[in-house]
1. Checking R302 against (1) surrounded by 14 or more Cβ atoms within 10 Å (Cβ to Cβ); (2) more than 29 Å from H395 (Cα to Cα); (3) of a type in the set (K, R): exactly one of these is not met. Which one?
2. Looking at region 72-96 only, could you name the residues that are under 14 Å from R302 (Cα atoms) and touching a Gly at 6+ places or on another chain (Cβ under 9 Å)?
3. Taking the residues in region 91-106 that are surrounded by fewer than 18 Cβ atoms within 10 Å (Cβ to Cβ) and touching a residue at least 24 places away in the same chain (Cβ under 8 Å) as candidates, determine which candidate is farthest from T367 (Cα to Cα).
4. Where in region 1-84 are there helices (runs of 4 or more DSSP H), lying fully within it, with 1 or more residues that are polar (S, T, N, Q) and modelled with pLDDT of 95 or more?
5. Report, by residue number, each residue of region 230-250 that is touching a residue at least 24 places away in the same chain (Cβ under 8 Å) and aliphatic (A, V, I, L, M).
6. For A59, indicate whether it is farther than 30 Å from D288 by Cα and either surrounded by fewer than 23 Cβ atoms within 10 Å (Cβ to Cβ) or under 21 Å from the mean Cα position of the chain (by Cα) (or both).
7. Answer yes if at least one residue in region 386-406 is surrounded by fewer than 21 Cβ atoms within 10 Å (Cβ to Cβ), under 30 Å from D245 (Cα atoms) and of a type outside the set (D, E), and no otherwise.
8. Could we say that L266 is more than 30 Å from G64 (Cα to Cα), in contact with a Ser or Thr (Cβ under 6 Å, 6 or more places away or on another chain) and buried (at least 22 other Cβ atoms within 10 Å of the Cβ) here?
Amino acid sequence: MATGNRRRAVVIGLDGVSASYLQERLTAGTMPALAELLRTGRLVAMDSSVPPVSGVAWAGLSTGVNPGRHGVYGFTDLRPGTYDLRFPNNADLRVPRVWNRLADNGLRSVVLNVPGTYPAQAAAGSLLVSGFVSPRLTRSVAPPGWFFRVEELGYRTDVDAELAWDDADAVAAELLDLTEARRRLWWTAWEQVDWSLFWGVFTETDRFHHYHWGRRGEPWVEEILDRLYRAIDDHLADVAARLGDDDALFVVSDHGFTPIRAEVHLNRWLAEEGFLHLDGDRPRSLADIGPGTVAFALDPGRIYLHRKGRYPLGEVAPSDEAGVLADLAAGLAALRDPDTGDAALGPMLLGDNVFSGPAAADGPDLTVLPGPGFDPKGAVGSAAVFGRSNLTGMHTFGDAVCFARGAKLPERCRLEDVGASVFAHLGGDTADLDGEPVLL
């Protein structure tokens, strides 16, 4: 129940949705609500985060700053001074999100299903329900008094982990039911919270794309895509109808999608090229790292120098760093698909050229962006550099979605621009943000 004459902003997040795919659907006439919105707004492609993974991208979208300031580089990281994997969460974010900044200005927000917001925290009068990864629903809802309403609405933070992804009926039921549960919570919160910012994300698109994007064209896949995107379009229509002329509406995604040709196991390549040494006949994690290692990889496409002083067995001295990085970049750039000879990896991005801020030193030294259809992985123990899993779709760095109604957007919007624009629309001072406000 947003009241009064103050401005409002609504952000509809579509996880893993490509701008090019929305254009396909617009051309086919299957998203009439989005087409109507485009009469007064503009849809542009947007680059994702570095690396292009949801936890990093949504952090950038919701803070208006780059990873060198917000400090999140992936869904996994190493505990400082060890080789043990940990899972960063909301508590690891080093800067406030837009809704926290608004709370300092006395404004309330509703935040639903944004990845990386577990455990849930909300300012007085606001509501936050965490997105994935959310191990427990009880810690995914703030304030706690909302928990029973969220549970009664049949809300879940993610799809069933045991879902049989090749069962068309089960997949359709799961995705559409969960999308509808998100909408039920959306409208309940819309009416019951006196909000200035409403930010909600639909993740069902990302889940289906991972398993079936490479099967586009098959009738049952196209049918589910059509039903899922029509449900989203219906939601766009309902939201737009409830907004006033002074309210801002953003539709954004965190990355694009493309079919997988092969997964590229970077740690296997590092081992074969002598950069990584693992102890034992069957190493399973970086806890098996051994002497002589100069570099290792974490998902997705993050390569770290094995520095002296930073890691227990670190051997790379400051004077050696530039040479090792040059060798890594050259070797990875030369990596080819053994079947086709195509380049497997895209640009090699040095940390110093990508990240800026107090957390930049914690980021990867080299980030490998994916080549077309080649998905860089950080698993340990892979039998070969190139392989496949049961996933048929992967993230792309380009082709994310950026739409704003009543906004003047650049040809290539940045993630940070979205957070800055939302904050500016609601009266915030964006001087300390990386993004440039794009609202008129």
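1. The number of the failed condition is (2).
2. Listed by number, the residues that qualify are V72, Y73, G74, F75, T76.
3. N105
4. Counting at least 1 such residues, we get 19-28, 54-63.
5. The answer is A231, I232, L236, A237, V239, A240, L243, A248, L249.
6. yes
7. Yes, there is a match, as at least one residue in region 386-406 is surrounded by fewer than 21 Cβ atoms within 10 Å (Cβ to Cβ), under 30 Å from D245 (Cα atoms) and of a type outside the set (D, E).
8. No: the conditions fail for L266.
The values are calculated or read from the model by the stated rules, or taken from the named source; none is laboratory data. This one's a predicted model, so the numbers in the text were calculated from it and none came from an experiment. Note: ideal-geometry Cβ built from the backbone for every residue, glycine included; neighbour counts use all protein chains shown.
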